[in-house]
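Below you'll find the structure, written out as structure tokens, and then a few comments.
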Amino acid sequence: MKNFNTKISLFILITLIIVGCNTTKRVPNNKRLLMDNEIYVDDKKNKDDEVSSQLYQKPNSSILGYRLRLNLYNLAKQNTDSLYKDKFLKNPAKYNRKAKWLSKKQVNRLGQSFWNKGIHEFLKKTGESPVLLDTNSTKKSIKRLNSYYFNNGFFDVKTDFTTDTSKTKKVVLKYKINKGSGYKLDSLKTDIATLALDSLYKLRKDNSFIKSGNQYKTSDIDNERNRITTDFRNNGVYFFQQNYINFDLDTIQTNKKVNLKLNIENQNIREGDTSATQDFKIYKINKVNIFTDHQTNKNEIKVNDSVTYNGFNFYSEKKLKYKPKSITSAIFIAPGTTYSDFRTSLTSKYLSNLRVFNYPSIQYSVDPKDVNGLIANVFLIPRKKYTFGASVDFTHSNIQDFGISGNTSLGIRNVFNGAETFEIAFRGNVGASRDLSNPNNNFFNISEIGVDSKLNFPRILFPLNTDKIIPKTMIPSTTLSVGFAKQRNIGLDKQNFTSALSYNWTPKRNTTIRFDLFNVQFVKNINVGNYFNVYRTSYDRLNEIAAIYNTNSENVDLDGNLTQEGTLNFIVDVLTENTDILPEDDEYKTVLSISERYVRLIEDNLIFASSISFSKTSKRDIQDNNFYVFKTKIESAGNVLSLISNASKEIINQNGANTIFDVEYSQYIKTEFEYIKHWDLRRKKVFAIRSFFGIAIPYGNSNSIPFSRSYFAGGTNDIRAWQPYSLGPGSSGGIFDFNEANMKISFNAEFRFNIFGKLNGALFADAGNIWNVLDNVEDEAYQFNGLKSLETIALGTGFGFRYDFGLFVVRGDLGFKTYNPAKNINNRWFKELNLSELVLNIGINYPF
């Protein structure tokens with residue numbers, strides 16, 4: 001009861017502070033605080049963000065209606081230096097007393113201290129000064145509103161404003177707009193001086209943004225001007241610029257209609273001090289010169305090696321180090337083709353994508369032998385052939401209490417003179433764990449070494465020619481990767497081998513496809529029988545329980561301690577209820593958790609999978625907050641190994657499954673779908689959602705999905721009210737260390753807003769769970785059994801803070817379990833909305 005009263009008192013105190021803040025504290029007597037802008041269009045209130053963005057003056061920012069930054073500013077004392085001096089001028093005795101035990105210099109310095117000055121400077125900087133009504137800004141807003149509606153076809157628009165000053169020192173601005181009738185486009189005439197341009201325009205005039213019957217919009221005129229310019233410059237008109245296009249508008253006696261006339265002038269040229277005009281020419285590419293080792297700091301180009309390949313001229317100051325075919329496959333400017341801006345930008349993009357050159361420079365000049373021809377000079381600046389890197393990290397995990405890992409990497413560009421890149425990295429790790437057996441009392445009792453390599457080809461590497469299916473305009477590439485790692489002295493002698501052959505291409509802008517011809521993962525534990533010698537903490541806990549509950553004398557030695565084999569037998573006895581331990585007992589849950597961890601850590605895997613992934617986004621750039629992302633993937637594993645196993649008659653293990661290299665291979669099919677959508681609500685507010693569905697179905701040689709291909713729930717980018725691996729499956733309650741399953745559904749929603757400066761906030765809701773389906777799990781609490789199982793979808797809500805450093809965002813999210821399916825059916829909603837159940841997640845960048 002005492003704690004309850006304390007919370008109520010604190011709540012009332014905070015409420016009084018918030019309500020009691022005087023927003024007009026810093027407003028002069030002859031001024032008014034702008035509280036709101038109300039816009040009425042044709043006597044109806046308008047809340048369109050695009051319309052309100054035309055206003056010069058906007059009220060102080062608020063969070064859910066509370067003007068936090070304004071109130072922070074009002075808390076700060078103004079003129080702190082003068083106030084500090086006045087305090088002693090009014091009370092000299094106080095100054096003398098302080099000066100006796102402090103020097104006069106120190107007393108003066110106190111005026112610059114954090115508590116006397118710094119905190120107030122911080123509040124003023126963090127806060128926001130009151131927005132005072134400015135009549136000049138209001139008049140400028142009127143003009144901008146007029147321009148906005150005029151540009152949208154309302155040529156007779158009338159705008160005015162009134163003020164509501166009924167509250168002391170406060171004002172509400174009311175803008176009143178009478179649009180009038182909108183003007184519609186009627187006829188479009190053209191006057192194009194150059195005949196060749198007139199023909200080009202007519203070829204694609206159906207793509208025009210100007211349509212008869214549509215309401216007039218200046219944006220349509222601008223878009224049409226851009227379209228014509230882009231079309232001309234992509235069809236050979238090298239010297240054409242947008243300023244050659246202008247439109248004449250006629251609205252006189254047209255009955256609210258607009259007649260347009262498109263004018264395109266001839267090219268202006270200067271010859272000495274005189275200027276003249278001439279018809280625009282359509283240029284073709286006569287020559288393409290490629291300088292493969294150009295230095296930016298040299299004006300003079302020296303050529304010591306040259307070659308001609310398929311009409312392309314290669315020049316090099318030193319010996320030519322590149323196969324001509326590998327370079328020309330990235331160049332879309334070819335002799336005999338028409339000049340095109342698009343081909344130029346595509347060439348720049350592709351050459352940069354090779355990762356062996358810096359951003360290229362492409363320059364054009366008129367061929368002195370042909371007035372209708374251009375010479376294209378492509379200047380390539382090679383990057384360093386070799387790169388080397390090294391790093392050291394300190395780590396912590398469920399197994400390692402402390403670890404030090406080191407990495408060294410070597411990169412080689414243009415490996416086979418075909419713009420290929422090769423990367424190889426060596427890694428090592430030493431760590432300490434209290435869980436592991438350590439008879440020599442060494443601090444570092446864990447170690448691992450590994451090597452990873454990757455070879456990239458800027459083309460599709462395949463026995464058959466794929467140019468017709470995947471042309472070079474799709475920027476194809478092939479990546480072959482191989483990795484190996486070995487752990488020796490943690491006792492299990494784990495070996496890990498990975499390899500993949502991947503093809504990537506971009507069929508359309510913002511669309512990518514990846515095809516993994518094969519993706520291999522091989523994990524084998526050589527010394528499984530040493531597990532409980534290594535993980536002594538698990539053994540000691542089992543031994544304590546067995547001392548009380550063991551019923552099989554063969555499980556223990558003469559001293560009453562569990563033997564290596566007896567440890568596993570005791571686990572089986574407990575889980576099959578052959579002891580006095582009941583499933584609801586804490587000891588049962590402990591044994592179950594140890595068993596799950598044992599199975600997970602000794603698990604051998606052989607996965608030979610093929611997959612194809614598709615990704616599409618409408619995001620234009622990093623500043624775009626109004627976009628969608630769609631991703632999907634389908635993966636199949638084990639079919640090739642099944643054929644090999646059947647043909648070679650490999651041994652069938654005791655589980656009835658085929659093995660290769662003494663490891664049971666996985667066989668399954670897996671598919672995933674993810675959709676992300678962001679809505680820009682203006683004024684630094686964004687609403688974002690994500691939905692995800694994934695399922696992996698075992699068959700053939702498998703009755704379950706390997707851990708590395710299964711799903712988990714919880715964590716900083718998922719259901720944030722639960723820690724990673726702690727949610728699900730279903731209503732089981734997440735009783736293991738690693739809770740995973742083969743099906744997942746999740747939904748996330750987040751409202752993001754700016755608090756002040758670079759500090760942003762977010763309110764979020766995450767829903768989802770994982771389930772077992774069509775595998776070897778029989779417990780209904782874990783299974784997905786149709787629509788009824790949707791009752792076990794968990795819901796977490798909370799809030800977070802983000803600080804934007806520019807290159808990245810640091811994020812902290814506080815999540816509460818709003819609906820917990822692990823609880824009794826009557827206790828699932830709102831039973832854990834307290835600080836003790838709060839989950840803190842720290843992350844980098846946004847979760848989706």
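The values are calculated or read from the model by the stated rules, or taken from the named source; none is laboratory data. No experiment lies behind these values; they were computed from the predicted model shown. Here the Cβ is made from the backbone with ideal geometry for all residues, glycine too, and neighbour counts use every protein chain on show.
Summed over segment 112-162, the residues that are part of a loop (DSSP other than H, G, I, E, B), of a type in the set (D, E) and without any contact (Cβ under 8 Å) to a residue 40 or more places away in the chain give a count of 1.
Checked against (1) at pLDDT below 90; (2) crowded, with 18+ Cβ neighbours inside 10 Å; (3) among the acidic types (D, E), E778 meets all criteria but (2). If you check R541, R514 for being of a type outside the set (A, V, I, L, M, F, W, C) and either loosely packed, with under 15 Cβ neighbours inside 10 Å or in a strand (DSSP E or B) (or both), only one passes: R514.
If you check R204, R227 for being closer than 29 Å to T337 by Cα, in contact (Cβ under 8 Å) with a residue 12 or more places away in the chain, surrounded by fewer than 13 Cβ atoms within 10 Å (Cβ to Cβ) and not assigned by TED's automatic domain parsing to the domain that holds Q363, only one passes: R204. Looking at segment 584-610, which of its residues are more than 17 Å from S708 (Cβ to Cβ) and either of a type in the set (F, W, Y) or under 14 Å from the mean Cα position of the chain (by Cα) (or both)? Listed by number, the residues that qualify are Y588, Y598. Might you check whether a residue that is more than 34 Å from the chain's Cα centre (by Cα), among the basic types (K, R) and at pLDDT 90 or above occurs anywhere in segment 334-343? Within segment 334-343, not a single residue is more than 34 Å from the chain's Cα centre (by Cα), among the basic types (K, R) and at pLDDT 90 or above. Among the residues of segment 711-725, those that are crowded, with 21+ Cβ neighbours inside 10 Å and either of a type outside the set (F, W, Y) or in contact with a Leu (Cβ under 6 Å, 6 or more places away or on another chain) (or both) comprise A713, G714, D718, I719, R720, A721. Within segment 741-775, the set of residues being surrounded by fewer than 20 Cβ atoms within 10 Å (Cβ to Cβ) and of a type in the set (S, T, N, Q) comprises N754 only.
For segment 255-317, the strands (runs of 3 or more DSSP E) that sit wholly inside it and include 1 or more residues that are in contact with a Gly (Cβ under 7 Å, 6 or more places away or on another chain) are 284-291. Just wondering, is there one or more residues in segment 466-474 that are within 32 Å of the chain's Cα centre (by Cα), buried (at least 19 other Cβ atoms within 10 Å of the Cβ), farther than 30 Å from L346 by Cα and hydrophobic (A, V, I, L, M, F, W, C)? Checking segment 466-474: not a single residue is within 32 Å of the chain's Cα centre (by Cα), buried (at least 19 other Cβ atoms within 10 Å of the Cβ), farther than 30 Å from L346 by Cα and hydrophobic (A, V, I, L, M, F, W, C). Of all the listed residues (S610, S645, S636, S618), the sole one being among the small types (G, A, S) and touching a Leu at 6+ places or on another chain (Cβ under 8 Å) is S610.
Please work out if T194 is over 38 Å from the mean Cα position of the chain (by Cα) and under 30 Å from N30 (Cβ atoms). No, not satisfied. Taken over segment 209-224, residues that are under 23 Å from Y339 (Cβ atoms) and touching a Lys or Arg at 6+ places or on another chain (Cβ under 8 Å) amount to 0.
On the given criteria, is T716 β-branched (V, I, T) and outside the structural domain of N760 (by TED's automatic domain parsing)?
no
Looking across I695, I735, I705, one residue alone is in a loop (DSSP other than H, G, I, E, B), among the hydrophobic types (A, V, I, L, M, F, W, C) and not assigned by TED's automatic domain parsing to the domain that holds R811. It is I705. Do you know which of the residues in segment 414-430 that are β-branched (V, I, T) and at pLDDT 90 or above is surrounded by the most Cβ atoms within 10 Å (Cβ to Cβ)? Per the criteria, the residue is T421.
In segment 792-812, the count of residues that are in contact (Cβ under 8 Å) with a residue 60 or more places away in the chain, assigned by TED's automatic domain parsing to the domain that holds L835, over 21 Å from the mean Cα position of the chain (by Cα) and loosely packed, with under 14 Cβ neighbours inside 10 Å is zero.
Per-residue answers, yes or no, for (1) under 19 Å from F736 (Cα atoms); (2) part of a loop (DSSP other than H, G, I, E, B); (3) at pLDDT 90 or above; (4) among the charged types (D, E, K, R):
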| residue | (1), (2), (3), (4) |
| --- | --- |
| A547 | no, no, yes, no |
| L558 | no, yes, no, no |
| N569 | no, no, yes, no |
| I581 | yes, yes, yes, no |
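Being more than 25 Å from F155 (Cβ to Cβ) and assigned to a loop (DSSP other than H, G, I, E, B) is a condition met by at least one residue of segment 191-199.
Considering only segment 726-735, how many residues are surrounded by fewer than 20 Cβ atoms within 10 Å (Cβ to Cβ) and of a type in the set (A, V, I, L, M, F, W, C)?
Adding up the residues that qualify gives 1.
Scanning segment 230-249 for residues that are part of a loop (DSSP other than H, G, I, E, B) and touching a residue at least 40 places away in the same chain (Cβ under 8 Å) gives N234, N235, G236, V237, Y238, F239, F240.
Does Y309 satisfy being hydroxyl-bearing (S, T, Y) and at pLDDT below 95? So Y309 passes the test. Counting residues in segment 611-633 that are at pLDDT 85 or above, more than 27 Å from the chain's Cα centre (by Cα) and buried (at least 18 other Cβ atoms within 10 Å of the Cβ) gives zero.
What is the residue count in segment 325-339 for residues that are surrounded by fewer than 18 Cβ atoms within 10 Å (Cβ to Cβ) and either within 18 Å of R383 (Cα to Cα) or of a type in the set (S, T, Y) (or both)? Final tally of qualifying residues: 2. Going by what's in this entry, would Q253 be described as more than 30 Å from D305 (Cβ to Cβ), assigned by TED's automatic domain parsing to the domain that holds F209 and exposed (fewer than 15 other Cβ atoms within 10 Å of the Cβ)? The answer is yes for Q253. Residues that are of a type outside the set (G, A, S) and without any contact (Cβ under 8 Å) to a residue 24 or more places away in the chain do not occur anywhere in segment 329-340.
Going by what's in this entry, would I581 be described as β-branched (V, I, T) and closer than 30 Å to T659 by Cα?
no
Right, S345: surrounded by fewer than 18 Cβ atoms within 10 Å (Cβ to Cβ) and over 24 Å from L200 (Cα atoms) or not? Against the criterion (surrounded by fewer than 18 Cβ atoms within 10 Å (Cβ to Cβ) and over 24 Å from L200 (Cα atoms)), S345 does not qualify. For beta carbons closer than 9 Å, sequence separation of 6+ or different chains, a first residue in segment 64-91 that is at pLDDT below 80 and a second that is acidic (D, E), the qualifying pairs are T80/E121. Does E635 satisfy the condition of being touching a residue at least 12 places away in the same chain (Cβ under 8 Å), acidic (D, E) and in contact with a Ser or Thr (Cβ under 6 Å, 6 or more places away or on another chain)? Yes; evaluated as a whole, the condition is true for this residue.
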